[in-house]
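All remarks here apply to the structure that follows.
Read-outs: derived from the displayed coordinates by stated rules, not from any lab. Every value quoted in this text rests on a predicted model; they were computed, and no experiment measured them. Because the Cβ atoms are built from the backbone with ideal geometry, glycine has one as well, and the counts that use them run over all protein chains shown.
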Amino acid sequence: MTVALDVTEHCKPPRSVFLPFMMGHHFGVPFHRELQLRIILAALDHLIKTERSGEIHLFPMTWAQVRQEGKVLEAEL
Amino acid sequence: MTAPSDEIKQLRPELWETINERYPGSMITKTDFVPLARLSKLLSQTRLTFVSSAGIQPRGSMPFDVVHPVGDFSFRRVPSALSVSDLEIHQIKYPTTGALRDLNVIFPIERLQELAAEGLIGELTPNFFSFIGYQMDPEHFEQTLAEDIADAVVSDGAEAALLCPA
């Protein structure tokens, strides 16, 4: 689970999930349970499906999208 | 989307060299990928652990030394059955604005407990493992702390691990 793609590329782990989020927020934003689960499930899916060492799964959301979802969620709380 | 690492363009190709010029040896560069170890059983039968450099620790345990100029090469066991209110953060090198409101944004202990309870994951190891990043002697880090954590993970019977560098 990484928010620093260049660091991960230098360390060369066998499999990784890149989350283009703010440092310290690998699993998204506070109280967004569904997103936190989705990110863990993406990692577990990648754990199973990786074909060769070095594959990086690019999580398909931007930090801006995640923050927006967080704002909407918190407004509803 | 999934891509081999060598097909992804470096975002900041010069940064690595710059940091290494200022702090020699502080940044790790590996020449070979770690060999791929495939999961040998179904996820629903697998014992999973979580390893984090977020400086999470049980309340009341010895705080990490977050101001040591070289680093703190110790780790903490975090019982996987604890609740978020039993935990605290001792690290100042990453933004904790989200984690201080909901620890799951960096240490998703509640989500992992839920997935294990649902049976999607076979079970969790008795402990998760936590240390602090910003270690300025990566060679010493690899030879001591990384080995110590690896031994502890094996001792807990982990069959798969999620690693989360904060």
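Here is how the number arises for chain A: DSSP H runs of 4 or more residues each give -39500 (n - 2.57), the sum is divided by the residue count, and the result at 222 nm is -15500 deg cm²/dmol. Summed over all non-identical Cα pairs, the Kirkwood treatment of the stretch B:43-164 gives a radius of 14.8 Å. Other residues whose C-beta falls under 9 angstrom from the C-beta of B:Arg47 contribute a net charge of -3, scoring Lys and Arg +1 and Asp and Glu -1.
For B:Leu87, the residues 5 or more places off, or on other chains, whose built amide H falls under 5 Å of its own are B:Arg59. Working note: Debye formula, equal point scatterers on the alpha-carbon atoms of the protein assembly as shown, no solvent; log10 I(q)/I(0) at q = 0.07 Å⁻¹ is -0.22.
Given the pairs B:Lys41/B:Lys93; B:Lys30/B:Lys93; A:Lys49/B:Lys93; A:Lys71/B:Lys30; A:Lys12/B:Lys41, which are separated by over 29 angstrom at their Cα positions? Correct reply: B:Lys41/B:Lys93; A:Lys49/B:Lys93; A:Lys71/B:Lys30. A Gaussian network model of chain B, with springs between Cα atoms under 10 Å, assigns the largest mean-square fluctuation among B:Val67, B:Val51, B:Val84 to B:Val67. Note on the protein assembly as shown: with charges restricted to the Cβ of Lys and Arg (+1) and Asp and Glu (-1), its dipole about the Cα centre is near 400 debye. Between B:Ala37, B:Ala146, B:Ala99, the residue with the greatest mean-square fluctuation in the GNM of chain B (Cα pairs under 10 Å linked by springs) is B:Ala37. Working from the Cα coordinates of the stretch B:31-81, the gyration tensor eigenvalues give, after taking √(5λ), semi-axes of 30, 20, 6 Å in decreasing order. Backbone geometry of the stretch B:85-90 corresponds, through the Karplus equation with coefficients 6.51, -1.76 and 1.60 at θ = phi - 60°, to 3J(HN,Hα) couplings of 5, 8, 10, 9, 10, 10 Hz, x marking Gly and Pro. Our summary gives the stretch B:43-164 a relative contact order of 48 percent, counting only alpha carbon pairs under 8 angstrom and 6 or more residues apart. In a GNM of chain B with a 10 Å cut-off on Cα contacts, which of B:Val66, B:Val153, B:Val78 has the highest mean-square fluctuation? Greatest mean-square fluctuation among the candidates belongs to B:Val66. Taken over the alpha carbons of chain A as equal point scatterers, the Debye sum produces base-10 log I(q)/I(0) values at 0.18 Å⁻¹ of -0.72.
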